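Novice: The structure under discussion is supplied below as structure tokens; questions concerning it will follow.
The values are calculated or read from the model by the stated rules, or taken from the named source; none is laboratory data. Just so you know, these numbers come straight off a predicted model, no measurement behind them. All Cβ positions, even for glycine, are placed from backbone atoms using ideal geometry, and neighbour counts span all protein chains on display. The protein model used for the area step is the full one, side chains on, heavy atoms only, and it has no ligands, DNA or RNA in it. Shrake-Rupley method; radii C 1.70, N 1.55, O 1.52, S 1.80 Å.
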Amino acid sequence: MTDSAGNTWTYAKAGVDIDAGNALVRRIKPFVKATARPGADAEIGGFGGLFDLKACGYDDPVLVAANDGVGTKLKVAIEAGLHDHVGKDLVAMSVNDLVVQGAEPLFFLDYFAAGKLDVDTAATVIKGIAEGCRMAGAALIGGETAEMPGLYADGDYDLAGFAVGAVERARILPRPDVGPGDVVLGLASSGVHSNGFSLVRRLVAEAGLGWADEAPFAPGTTLGAALLTPTRIYVKPLLAVLRETTAVKALAHITGGGFWENIPRVLPAGTAARIDLGAVPVLPVFKWLSQVGGVAEREMLRTFNCGIGMVAVVEAEAAEAVADGLAARGETVVRLGVVEAGPDEPFVDPVGRLDLAW
């Protein structure tokens, strides 16, 4: 069969450029190799990625797996033409979910899909993925690049990530003895992270701003760049503290659902987390979003992290030492409240108010 000009059809004419895919693999090999760690040489090119669990020194390991994407934050990156950090977001969303169960991230795989492969854009994104993997101590051992003409609009792409970690069976979190009197600590976020961007994009449109305009909450920075601040990766500071002490009983990654849905996930029946909202270090971006959209406090806490990206439940007598250990490793830590007795279904019992004044 031939095309309208009488030429033989090829895969490239149908919209899939195998040569571009091969060029991308050559471009990203140095990024991938830089993520090598014990158990993986981080070479790519085979049909599957290999990982030697024995080389990591675990005695009784349990594997933990997580996968996630970046959501509509990608639309901001695509429209702003800023692709450097969304790869870090992709890694962060999965490895932060691993560490809350006490697990060390071991390896990561990515999935990049587009209607037409732009090698420069894809290489920039995957470079960010490799940087995120190094920050988390995980090897980038493989992935998939899919070119699917007709499925994505011109210039659009999508991302998914898959992380696997390990934890000694006796150190799995949350511990079953979380209970009244335990202290709740909060670790500051770096910004909006990767949740709530459908609302963010709507509010930016309501404000009549473009991604190249100056961010009202970050003078001297464009709105696109400010909102694309990458999700904080908490893995190494938390793992260091978990190895130093057994005082950490539970961790909660504050993603979609915010405080209301994520903290109760690590609490046993018959308990509640009494959280002082006045202690939350609300970042300027959240104050601006609340003001622009008239977003109520409860909705803010359900949609966004509001300034706290990770929560730790710790033994009361060790709370100060744990906070100091995290602070020494670069985290900003605040005491949010305590665990108290409650009804059968765990919940967050708030006191005080968020400082949303703009």
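Novice: Against the conditions (1) closer than 24 Å to residue 90 by Cα; (2) open to solvent by 10 Å² or more (accessible area, probe 1.4 Å), where does residue 215 fall short? Just the number, please.
Specialist: Answer for residue 215: the failing condition is (2).
Novice: Among the residues of region 198-212, write down those that are open to solvent by less than 50 Å² (accessible area, probe 1.4 Å) and over 30 Å from residue 184 (Cβ atoms).
Specialist: Selection gives 204, 207, 210, 211.
Novice: Considering only residues that are surrounded by 23 or more Cβ atoms within 10 Å (Cβ to Cβ) and among the hydroxyl-bearing types (Ser, Thr, Tyr), which ones fall in region 225-254?
Specialist: The answer is 231, 234.
Novice: Condition (residue is surrounded by 16 or more Cβ atoms within 10 Å (Cβ to Cβ) and over 28 Å from residue 332 (Cβ atoms)) applied to region 164-173: is it met by at least one residue?
Specialist: yes
Novice: Moving on. Among the numbered criteria (1) outside any strand (DSSP E or B); (2) buried (at least 20 other Cβ atoms within 10 Å of the Cβ); (3) not aromatic (Phe, Trp, Tyr), which one does residue 106 miss?
Specialist: Every listed condition holds for residue 106 apart from (1).
Novice: Continuing with this model, one more query. Do any strands (runs of 3 or more DSSP E) lying entirely in region 154-260 carry at least 2 residues that are more than 16 Å from the chain's Cα centre (by Cα) and closer than 30 Å to residue 60 by Cα, and which ones are they?
Specialist: Here the list reads 157-168, 183-188, 248-253.
Novice: Out of 284, 268, report the one residue that is under 24 Å from residue 356 (Cα atoms) and either among the hydroxyl-bearing types (Ser, Thr, Tyr) or out of contact with any His (no Cβ under 8 Å at 6 or more places or on another chain) (or both).
Specialist: Going through 284, 268 in turn, just one is under 24 Å from residue 356 (Cα atoms) and either among the hydroxyl-bearing types (Ser, Thr, Tyr) or out of contact with any His (no Cβ under 8 Å at 6 or more places or on another chain) (or both): 284.
Novice: Is it true that some residue in region 306-319 is within 19 Å of residue 290 (Cβ to Cβ) and of a type in the set (Val, Ile, Thr)?
Specialist: Yes, because at least one residue in region 306-319 is within 19 Å of residue 290 (Cβ to Cβ) and of a type in the set (Val, Ile, Thr).
Novice: Further question on the same structure: Give the number of residues within region 332-358 that are farther than 26 Å from residue 292 by Cβ and either among the β-branched types (Val, Ile, Thr) or open to solvent by 40 Å² or more (accessible area, probe 1.4 Å) (or both).
Specialist: Selection size over region 332-358: 11.
Novice: Yes or no: residue 142 in contact (Cβ under 8 Å) with a residue 40 or more places away in the chain and under 21 Å from the mean Cα position of the chain (by Cα)?
Specialist: Yes: the conditions hold for residue 142.
Novice: Shifting gears a bit: Considering only region 63-81, I want to know if a residue exists there that is on the phi > 0 side of the Ramachandran plot and out of contact with any helix residue (DSSP H, G or I) (no Cβ under 7 Å at 6 or more places or on another chain).
Specialist: yes
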